[in-house]
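Engineer: Just passing along the structure, written as structure tokens.
The values are calculated or read from the model by the stated rules, or taken from the named source; none is laboratory data. The shown structure was predicted, so the numbers you read here are calculated from the model rather than taken from an experiment. Don't worry about glycine lacking a Cβ; one is built from the backbone with ideal geometry, like all the others, and counts go over all protein chains shown.
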Amino acid sequence: MSETGVCTEQIGCPDCGAIQALPPIRSGRLRCFRCRAVLERATGRPAGAALAFSTATLLFLIPANLLMLLGVYRDGVSLSVGLDAGVATIWHQGWAVTAITVALFAILFPFLRFGLLCAALAPVVLGRPQRWCGQAFRYAEALDVWSMPDVFLVGVAIGYSRLAVLTKVDIGAGGWCYVAAAILAMLTRATIERRRVWRSIANPPAAAGPDSLACSSCELLLTPEHEGRRCPRCAAPIRRRRPLAMQYALALTIAGLLFYPVANLYPMSELDWFAGKSAHWLFTAVIKLLQANLYVLGASVFITSITIPFVKLAGILYLCLSVRRRSRRHLVFKTRFYRAIDELGRWSTMDVFTIVVYLPLLQFGSLASAKVGIGMPALLAVVVLTMLASRAFDPRLLWDAAESAPA
Ligand SMILES: [Zn+2]
Ligand SMILES: [Zn+2]
């Protein structure tokens, strides 16, 4: 314990593996001395803020999933839908895996993440952390990238702007609750001090030494005898490096490369509307948004749906090649590039979510119908495969490979 009353901590950097002691801070960021990764981010806000925001998110998610999201009216016919209708429409059109994936990202994972976060944070804030808090917090953190209320909200905004051109659209009570839940989810992300939470759950003395190894989930330093066992703080399996990291990352990236052209060459959705038949590709969606003077949304779709998946695929191949060649060049850049593509990849699901909202609102019997194009499940496959690939890759291998390179 330091003079300021804040516990110091020794950890292994999750991005480069360097062992270091973190001095106590009240606010600001602490970066790794070697790879510049952010190791601790302190907001200076009370510990209860993140708990309050995550509880409010959980509460708003309930009506957001039960009430009307959007409604459309055309020639005396009205149609209103909730979140489940988009999933059901995709399912009934024969895309079961796509429907299940969308339901996991937009419905189940947000509930699980914020439920686990509330369960883990409440005893910590009350000053009575329990043994199971570490495991609950680890699962909540792992679900962070897979739970996408914020991405879904932007997807809905794009779907809304596209529909508004065609017909009158109303935002329902469920839609407003989803806006509140997504904003609160972002506030939870901004206020949570993960290092402080880990220290509050348990702060056992670190086993710092030349052979010590770090837990890949909570970064606790452990003696070599812990390899193959469970972390005493978060119960994650302890391994020096992610097993078969390169093989999994390469296999998943190659699978993603096969789907990428399909996502771009085939339509995302096909519409049989009052004005005739039409289809929309990723590129035409960008052009239509730009023509409607929605420059920010157009640029967002271009960057998230076309550019980021390509940069991720090329980036993971480049990182794997770099490890294989035992390159010692640009290690800090490569480590930060890995962190960026790992965190940004989830935004590529935005256009998929747009279609989830768009589809059920255009089912007016014989008057209008819309269906999923092959491009949509292909884009979702690229996103999931690249997210799994970046999760499988271990950036510490870049530093290991550079150290083992002949001088
Ligand atoms: Zn580092
Ligand atoms: Zn751990």
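Engineer: List every residue pair whose Cβ atoms lie under 9 Å apart, where the two residues are 6 or more positions apart in sequence or sit on different chains, the first residue falls within the range 97-118 and is without any contact (Cβ under 8 Å) to a residue 24 or more places away in the chain, and the second residue, located anywhere, is of a type in the set (Asp, Glu).
Structural biologist: Ala103/Asp84
Engineer: For Lys288, work out the one condition from (1) out of contact with any His (no Cβ under 8 Å at 6 or more places or on another chain); (2) at pLDDT below 90; (3) buried (at least 16 other Cβ atoms within 10 Å of the Cβ) it doesn't fulfil.
Structural biologist: It fails just one condition, (1).
Engineer: May I ask you to say which residue of Gly155, Gly174 is over 20 Å from the mean Cα position of the chain (by Cα) and either more than 13 Å from ligand 2 (Cβ to nearest atom) or of a type in the set (Gly, Ala, Ser) (or both)?
Structural biologist: Gly174
Engineer: Tell me, which residue of the range 260-278 that is over 20 Å from Thr304 (Cα atoms) and either of a type in the set (Gly, Ala, Ser) or under 26 Å from the mean Cα position of the chain (by Cα) (or both) is surrounded by the fewest Cβ atoms within 10 Å (Cβ to Cβ)?
Structural biologist: Going through the qualifying residues, I end up with Gly276.
Engineer: A further question follows. Using the structure shown, decide if Ala207 is among the aliphatic types (A, V, I, L, M), under 24 Å from Val145 (Cβ atoms) and part of a loop (DSSP other than H, G, I, E, B).
Structural biologist: no
Engineer: Given the structure, is Ile25 under 30 Å from Ala402 (Cβ atoms), surrounded by fewer than 18 Cβ atoms within 10 Å (Cβ to Cβ) and not charged (D, E, K, R)? Before the answer, list the steps.
Structural biologist: Details: under 30 Å from Ala402 (Cβ atoms): yes; surrounded by fewer than 18 Cβ atoms within 10 Å (Cβ to Cβ): yes; not charged (D, E, K, R): yes.
Taking the combined requirement at face value, the residue satisfies it.
Engineer: Report yes if Val156 is aliphatic (A, V, I, L, M) and modelled with pLDDT of 90 or more, otherwise no.
Structural biologist: Taking the combined requirement at face value, the residue does not satisfy it.
Engineer: Here's another thing I want to ask about it. Quick check on the range 110-126. Is at least one of its residues touching a Gly at 6+ places or on another chain (Cβ under 9 Å), surrounded by 16 or more Cβ atoms within 10 Å (Cβ to Cβ) and of a type in the set (Lys, Arg)?
Structural biologist: No, the range 110-126 contains no residue that is touching a Gly at 6+ places or on another chain (Cβ under 9 Å), surrounded by 16 or more Cβ atoms within 10 Å (Cβ to Cβ) and of a type in the set (Lys, Arg).
Engineer: Residues in the range 46-56: is at least one in contact with a strand residue (DSSP E or B) (Cβ under 6 Å, 6 or more places away or on another chain) and either under 25 Å from Leu112 (Cα atoms) or more than 16 Å from ligand 1 (Cβ to nearest atom) (or both)?
Structural biologist: no
Engineer: Using the structure shown, decide if Pro205 is modelled with pLDDT under 85 and either surrounded by fewer than 18 Cβ atoms within 10 Å (Cβ to Cβ) or more than 16 Å from ligand 1 (Cβ to nearest atom) (or both).
Structural biologist: Answer is yes for this residue.
Engineer: Tell me the residue from Ser327, Ser369 that is touching a strand residue (DSSP E or B) at 6+ places or on another chain (Cβ under 8 Å), among the hydroxyl-bearing types (Ser, Thr, Tyr) and surrounded by fewer than 23 Cβ atoms within 10 Å (Cβ to Cβ), please.
Structural biologist: Answer to the check: Ser369.
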